[in-house]
Each structure stands twice: as C-alpha cells, then as structure tokens.
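Could you have a look at this structure, given as structure tokens, before my questions?
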Amino acid sequence: MRNVTLPGRKTLITATEADWAEARIAEEQRIGAEKERRLSLLAVDFGFDPEDENTWRGLALRLAEHCVPGFQVIDQRPSKPGRPSGTFDIDPIKLLDDVRVLIAREKRPMTISSAVAYLSTTEQWGHKSKDSLERAYRTAVKAQARRNVDSEQELERVLKTVAFGMNPTRRNKSRGK
C-alpha cells in the first residue's frame, strides 16, 4: 500500500493489485470458515454429530428428503381439508322426523328449506347452521331411499325363492345359481 497526498486534500491510501488479492483471499477464508461453522450447526440441528465421518452423507440425504419433492416418500395419502367424514353429530332419523312433523302440522305449505331454517332456530337444533341441517336432511333422505331399495330388492328375492320352492338363504345348485 502506498500513501498519496493530493494538493489541498487529505492523504489517500491506495492499494496495489497484490494488496487486493491478499484482501480477497482473506475474505474468502473468512466466508469459508463461517460456512463450515454453519454446516456444523446444521448437522447438529438435524441430529447428527459433526465429528462423525458418516454425518455428511446422512445430512445430505436428510436435507434432500426435506427439500426435494422426489426424495419425499409418502406412506399414506394426505388427508382432505375439512371435517373428517363419519364425525357427523346430527341424528339423521331424528332430523327426518322433525322436518316431516313440522311440515305436516303447518296449515300452509312449507318447503324443506323453510322447515330446516325454522329448526335451526330451535333449542334442539340451534347449534347447527341452516345449511348443515339441510345438507344432513338431504343426505338422510338419500340414505333412506337406498335402504328402501335394498329392502325391496331383498323382499323380491325372498318372494321369488319361496315361490319357486327354494331356500332363500342358499343358492339352488340345480338352477345354476
């Protein structure tokens, strides 16, 4: 380094190429040492001992699993957002009965939506919104219709087997069933 004094100004310090190269090397060494320190902290953070020789392969694998989608293995499907199915706390049969009784006792025609809206204001059903009650009602009607169809098909099957003199619980081998 050398000092240069300009007329009427303060003294400036100028650096030679060698000084700049030396400063760059010192800065690179400082940065390298800081990276080594942080890498050791990262290994400790992921549960590895920085002094162990197998640490770096394990850390690389753990980081890949953590950051790279191709390394992430999913054991099960992610759950869908919202409330899990099967945690329905509305008794569908009671709701069906309440809606039908309410519609039957009204003197003027009442829609299902208005009956459910009224029920959502009562003490028994007031903890549920109109939309959730209406959705539960429609689901219960569909389930009841499926049960009725299944019951009718079962009754028809039993009547056919009795009419042909077959045991309804066993298949008749002579008829190829």
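Take the Cβ-Cβ distance between ARG30 and TRP56 as r, set R0 to 22 Å, and report the resulting FRET efficiency rounded to the nearest 0.05.
On the way: r = 22 Å, r/R0 = 1.01.
The computed FRET efficiency comes out at 0.50.
Still on this structure: List every residue whose amide H lies under 5 Å from the amide H of ILE90, counting only residues 5 or more places away in sequence or on a different chain, with H placed 1.01 Å from N in the peptide plane.
none
Given labels modelled 7 Å from the Cα in the Cβ direction, how far is it in nm from LYS142 to LEU63?
5.0
Which FRET efficiency value, to the nearest 0.05, do you get for GLU154 and LYS94 by plugging their Cβ-Cβ distance into 1/(1 + (r/R0)^6) with R0 = 30 Å? Please report the intermediate quantities before stating the final value.
Numbers: r = 26 Å, r/R0 = 0.85.
With R0 = 30 Å, the Cβ-Cβ based efficiency is 0.75.
What order do you get for 92-98, 126-132, 31-37 when each peptide is scored by the mean count of other beta carbon atoms within 10 Å, highest first? Please report the intermediate quantities before stating the final value.
On the way: 92-98: 15.1, 126-132: 13.6, 31-37: 10.3.
Highest mean packing first, the order is 92-98, 126-132, 31-37.
Would you count, across the stretch 30-138, every pair of lysines whose alpha carbons are under 30 angstrom apart, provided the pair is eight or more residues apart or spans two chains?
Numbers: LYS80/LYS94; LYS80/LYS128; LYS80/LYS130; LYS94/LYS107; LYS94/LYS128; LYS94/LYS130; LYS107/LYS128; LYS107/LYS130.
Count of close lysine pairs: 8.
Read the figures in this text as sums done on the coordinates, not as results from a lab. These numbers were taken from a predicted model, which means no experiment stands behind them. Heads up, the Cβs are rebuilt from the backbone with ideal geometry, glycines too, and the neighbour counts pull from every protein chain shown.
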